[in-house]
Amino acid sequence: MRAIDVAAKGYIDIPGLSAGETGGGFTIQMWARPTGKAGYLWVSGDGGPLLLMLPNGSLELRVGVLKLLAPGAMTMGRWTHVAVEFAADGAAAVFVDGVRAAAGTLPKLTATPSIRLADPGGPGFSFADVRLLARARTADERAPSAEPQGLLAHYAGQLDGTSVRDAGPHGRHGQGVGAVQAVEVAELDVLRSPSPGALVWDEHDDLLELPPMTTDFTGGIAVEAWIRPRKTAKDMLLLALGSPDFFNVRLRPGDGALVVDFVAKTGAPAIKLPGVVRGDEWQHLCVSVDGGGMCRVFVDGRTVHEQQVAAPAVARDGARTGGAIGKEFLGELAELRVWQGGRSLEDVRALWLRRARGDEPQLALCYHLDTLAEGWAIDAGPRRQHARPMGRLTWGDGAGLPLRALNDARRVHVRAAGKLLLDELPVSLFPKERTGVSVGGFGHVGVEVSSTAGEYGTVKGSLVRCAVYEVAIEPRRADGSKLAGEVEVRVDAPVTVVRSDGGKLRIEEWKPGTAVKVVVSDGGRARVRVLAAKSLDCPSLRLRAAGMDADCWTVVRPADGAQRQLVSLRAAALKQPPPGKTPVLKSSMPNDDAEAVARFMRDTARALPTSPPVPIKKGLSWSDVWGPLEEAGEAFGSAVVDLGGDVAKLTISTAEDAKKLANKAAGAAVRTGEQVVRSCIEDARDLAVDTSRATWGAVTVVGEMVVDGSKKMFRTIVVGALEVAGAIEAFLKRIGAAIRDFIEFLAMLFNWEKFLAKSDELYDLAKQQFAKLDDYAAQIRDIPALLDQLVAKPVRSGLSGKSLGRAFGVGEFELPDFDELKWLVDVIEEAFTGSPPKLEDDPKGKQGPTQLDKSATEAENEATTAALPKALLDASDVLDTSMDALLDLPKKTWAAGRSVTTELTGWIADRTEDLAEQAKRTLTTRLTIPYLTAVIEVAILRGRKLDMLRLIALLGAVPAVLASGGNKSTGSLQKSAKSQAEEAVRWTQFGISLVNSAMFIARSASEWKGNFVGVWTFSAIGGATSAVAAAFDIGAAAAFDDEETRWFGITHGVLALCGGLWMVGSTAWAISWPEGEGVIAIVDGVIEVVIGCGELATAIVVFAQGELGDDEFWAQFSYRMANWSLRGLYRLLDGVDNSKIKAANALTTSCAVAILASDLCEMGYGLAGTAMG
């Protein structure tokens, strides 16, 4: 959809209304986005109505001294659909995102000569889809997606100079004044057809069961939600919080009544309000009782009732149990929130038209109710008190709900996942501890004495092996493509974070309440790692990318996966963990005692949400889902853990003793809260989980402690992930086990041993290619003749009119879901971006081609650059490049750069043996790069040295092994030797592509920074890997059946080899002659463009030879040809990115990412083929 941006002090004047046009009413509606905090959206003549955005985001409709207020309607930078209706009788209303936000009676409209959009004195607005009607709209026309008929005017974002064009039949064109421009806004097409999501109650048995709560509401409570109850329904419960009858909100849509009753400190107030609830339409309802007992009811951001009652009572028995949402409810619900403390009118207005982030102060429960994820109504708040559906509760689109869809894949969104894993970090990363040293009479001096790394893991040399909660962040555009830039991150509690975005590895302390900007690489990924050694729980992380609404955050809970393991702990594993992990329990501990420890932790973990045992489908009976889990829970037994006075004497008593202990503790007052749970368990002598008082979502822990020599019973309730983590941490401390060892026991540990043998195979295969390079010197010398033949070849016309990505079928494709591969790629990209690699045998300087005439070279450089079409260099994504812009390139660039290319190919041919040897040394000499070398050699390679060829082999080995399940299957044993060899080549090429993509991106970053030492190193490595890839390509082309196709394929490989060897040779030339950088860039600009165009042309011709009817073969083949084409395009762009064309550098990076995408597409077919046998 097109929009018009009106900058500060600008405005648009459109024709006004005649008396006849206002007599039957009037409507003006639009999409509007403010760029400041306040200003006029529109003004109708002098003294006529006007719509003003106030600094707090409210909209105020004024006619003279009369006003209508739509609270909290707009936010700076956010698109909102706004409509104002005037009926013929003077009734007026303001609608926000399709919902009536204000209504009242205003003076009737009169004629006006003009209407002005925006304000000459205001900060500016963007407008889209502005429509005027000479009537009020019908109910069916009020949705933002509706298309009202009979328009007076329609301004659809079209500008002709400064004229704002009316797309309707009446030609009521307007005039823009000041800075006014038309822009394309893709997100509006999505916003016009929203699917915000809501839960649907179709049967009286449907409800959401709430877990017990230990939150203290004596300071007040507020409940708010968007509701759409069925008008025909009778008495229903919106919310029943706690049992018995702690806080209930009841609805009666038939007569519009609202009933609130609760247990107070004095008495049990019941507030009954008639005519509040509207049936069959969305409305926002909030009921608030503050700590002083003042009850307020708000509807759609307005106070409808105030009454002094009494403050809520303290929870009975320590926790509020038996709560439910929507008991006997019929209709739809969304965005239900429970606050600790009352809410003011200003509080309600600030959020009633917005989603809550989830980490707002005093927010106790936050259910967006847009879907049921993994069988739960997710609590987005810090406590993670997920509710479980019962009956046949399902979810719908939430049509008409004025809220934004969370994580709408049709708009910019963020995908994220978290896991607990064991990682290797440099000791130097951690701060040093300081201590004060007395210096005679001069006071104390702070001295650094040791690293704090030992607090987080096991130090081995320069590395510390520690557990981290790793969060992978992947922002995406509306079309699903990768999105670089920045992502905002918020945390629910203080954490210590390791981050490496922006090229620098560092540790930071993150605190709640502030947003941190994390840089996302050009590959579309970022990661942060939360140090995990000190807690079994990790706070939620909230993520938002630029382009997402301010109230739409992706929430990731990194500890969930590790915590789910707690319910299946086994004593034997705690005593004898897998290789590489430290035992949690001593091997000398008796088996019965070890089983008592494991059982206590398993029983305690029953307070955690558990994933349902079957896939979730709409309309499924949730009783069938949760029933097996309830039965499994009943099978859990409990016994007394007798800790005695000495932990070493820990023993186990029978389950019957646990019941006796529970009976003894029954009279003890219940104590709640994480710190209370911890203190009780740490001081306990006897300890057990009281299974007789089992409640879904909570566990009662009972025990006996000795206080001042006297025995004292205790009873405490464990609710939610944070309290489960606290209870188990306290228990481990009580028995003398190390919390860090237990966390590392739960963490994922990569087993690199199984990949090393395959990496050895691929390493040898890649190394063998260097011996073949000398044989191609004569063909490199013949490149001028090859190019003459190449450009004479007609290209298949069927490719015309397509984009490069469409022609070859390349689109977005993700890395395979292999944790080891993603970890490796992240580590390599971080290392290369952070600092350039250092080779043990550094590239040496050597003299370049001195026979070139400088003036002729400069002329050909200008000519080849001029031959490039503007459409190519104006592209923002190389996959969108038009094939028509590429088809004529080889002929034009070869004609422009013939003499320089001829000289240089002869120079390369004379030195092929020497350049190939340089390439081999570059890839096989030991690679030294901070952090990466130590991590790979110590944690993975088991004594092997790290070089670039090993990185390539390792990256190829991971998918090669995991795609076949980690073992040689019967099917793979039956494969022919040829098939196995082809697979080895494929995985090696994949490793080359991953390394090249990371290096090309890092090389571009070094160019931007002016770090030419880094550029030289990356160029040498890039040239060497290109030479290896070319050798593989020539071998693959030699196997083509068709003679002509085989010739073009081999020619492509020779051109690619020439380009790779030139990168090696030109790097040596630049090292030997740094002051000649400008001359080298001119030479480079000719040969890179000409050779790149040649590679591009051969790929197109080879692709054009085939018959595309064999989908399975040609789909995979086309990806290989896309790789060839993109590598040629990369070389072309690399030749001009030091020129005056600013876009070229960014396009080389884009091209490197696209090369990886083509290989991932090909790999996807390869993995599918492997899986099918």
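The values are calculated or read from the model by the stated rules, or taken from the named source; none is laboratory data. Because the structure is a prediction, the values reported are computed rather than measured. Here the Cβ is made from the backbone with ideal geometry for all residues, glycine too, and neighbour counts use every protein chain on show.
Summary of values
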quantity: Selection count where residues are of a type in the set (Asp, Glu) and either part of a helix (DSSP H, G or I) or modelled with pLDDT of 90 or more (or both), scope the stretch 1026-1043; calculated: 2
quantity: Meets criteria (at pLDDT below 95 and closer than 18 Å to Leu420 by Cα) for Lys460; calculated: no
quantity: Selection within the stretch 301-331 - charged (D, E, K, R) and in contact with a Phe, Trp or Tyr (Cβ under 7 Å, 6 or more places away or on another chain); calculated: Arg320
quantity: Any hit, the stretch 287-294, residues being under 25 Å from Ala350 (Cα atoms), out of contact with any Lys or Arg (no Cβ under 9 Å at 6 or more places or on another chain), surrounded by fewer than 18 Cβ atoms within 10 Å (Cβ to Cβ) and aliphatic (A, V, I, L, M); calculated: yes
quantity: Residue selected from the stretch 1128-1165 under the condition under 16 Å from Ile1091 (Cα atoms) and of a type in the set (Asp, Glu), by the criterion modelled with the highest pLDDT; calculated: Asp1134
quantity: Residue match in the stretch 547-554 (condition: within 29 Å of the chain's Cα centre (by Cα) and over 30 Å from Val518 (Cα atoms)); calculated: no
quantity: Selection status of Val94, modelled with pLDDT under 95 and under 28 Å from Asp347 (Cα atoms); calculated: no
quantity: The lone exception for Ile1050 - which of (1) surrounded by fewer than 24 Cβ atoms within 10 Å (Cβ to Cβ); (2) at pLDDT 90 or above; (3) within 17 Å of Gly1022 (Cβ to Cβ) it fails; calculated: (3)
quantity: Selection from the stretch 186-206 of residues that are assigned to a strand (DSSP E or B) and surrounded by fewer than 24 Cβ atoms within 10 Å (Cβ to Cβ); calculated: Val200
quantity: Candidate set from the stretch 497-512 (those that are more than 20 Å from the chain's Cα centre (by Cα) and not in a loop (DSSP other than H, G, I, E, B)); member that is farthest from Leu425 (Cα to Cα); calculated: Glu509
quantity: Members of the stretch 819-853 found to be under 28 Å from Leu915 (Cα atoms) and assigned to a helix (DSSP H, G or I), listed by number; calculated: Ile828, Glu829, Ala831, Phe832, Thr833
quantity: Filter result (of a type outside the set (A, V, I, L, M) and at pLDDT 95 or above) within the stretch 513-534; calculated: Lys517, Arg529
quantity: Pick from the stretch 894-938, criterion aromatic (Phe, Trp, Tyr) and either part of a helix (DSSP H, G or I) or over 29 Å from Ile952 (Cβ atoms) (or both), ranking: modelled with the lowest pLDDT; calculated: Trp894
quantity: Top-ranked residue of the stretch 152-161 - restricted to ones that are closer than 25 Å to Arg62 by Cβ and out of contact with any helix residue (DSSP H, G or I) (no Cβ under 9 Å at 6 or more places or on another chain), ranked as surrounded by the fewest Cβ atoms within 10 Å (Cβ to Cβ); calculated: Ala153
quantity: Every residue from the stretch 76-92 that is surrounded by fewer than 23 Cβ atoms within 10 Å (Cβ to Cβ), under 20 Å from Leu117 (Cβ atoms) and without any contact (Cβ under 8 Å) to a residue 60 or more places away in the chain; calculated: Met76, Thr80
quantity: Scan of the stretch 752-777 for residues that are small (Gly, Ala, Ser), closer than 13 Å to Arg944 by Cα and crowded, with 19+ Cβ neighbours inside 10 Å, ordered by number; calculated: Ser759
quantity: Which listed residue is of a type outside the set (D, E, K, R) and at positive phi, from Gly396, Gly381, Gly400; calculated: Gly400
quantity: Lone qualifier among Gly524, Gly513 - being at positive phi and surrounded by 17 or more Cβ atoms within 10 Å (Cβ to Cβ); calculated: Gly524
quantity: Residue pairs meeting the criteria (Cβ under 6 Å; at least 6 apart or on separate chains; first on the phi < 0 side of the Ramachandran plot and surrounded by fewer than 24 Cβ atoms within 10 Å (Cβ to Cβ), in the stretch 1080-1096; second outside any helix (DSSP H, G or I) and not basic (Lys, Arg)); calculated: Ala1081/Asn1138
quantity: Filter result for Glu335 (in a strand (DSSP E or B) and among the acidic types (Asp, Glu)); calculated: yes
quantity: Test set (1) under 16 Å from the mean Cα position of the chain (by Cα); (2) small (Gly, Ala, Ser); (3) more than 20 Å from Trp823 (Cβ to Cβ) - Ala472 fails condition number; calculated: (3)
quantity: Sole residue being modelled with pLDDT of 85 or more and part of a helix (DSSP H, G or I), chosen from Ala807, Ala856; calculated: Ala856
quantity: The stretch 94-149, subset β-branched (Val, Ile, Thr) and either assigned to a loop (DSSP other than H, G, I, E, B) or within 35 Å of the chain's Cα centre (by Cα) (or both), residue surrounded by the most Cβ atoms within 10 Å (Cβ to Cβ); calculated: Val130
quantity: Count of the stretch 257-285 residues which are under 20 Å from Lys234 (Cα atoms) and surrounded by 16 or more Cβ atoms within 10 Å (Cβ to Cβ); calculated: 15
quantity: Residue in the stretch 12-27 that is in contact with a His (Cβ under 6 Å, 6 or more places away or on another chain) and either among the small types (Gly, Ala, Ser) or in the same structural domain as Asp166 (by TED's automatic domain parsing) (or both) present; calculated: no
quantity: Selected residue (only one of Ala684, Ala665 is of a type in the set (A, V, I, L, M), more than 23 Å from Ala377 (Cα to Cα), modelled with pLDDT of 80 or more and over 46 Å from the mean Cα position of the chain (by Cα)); calculated: Ala665
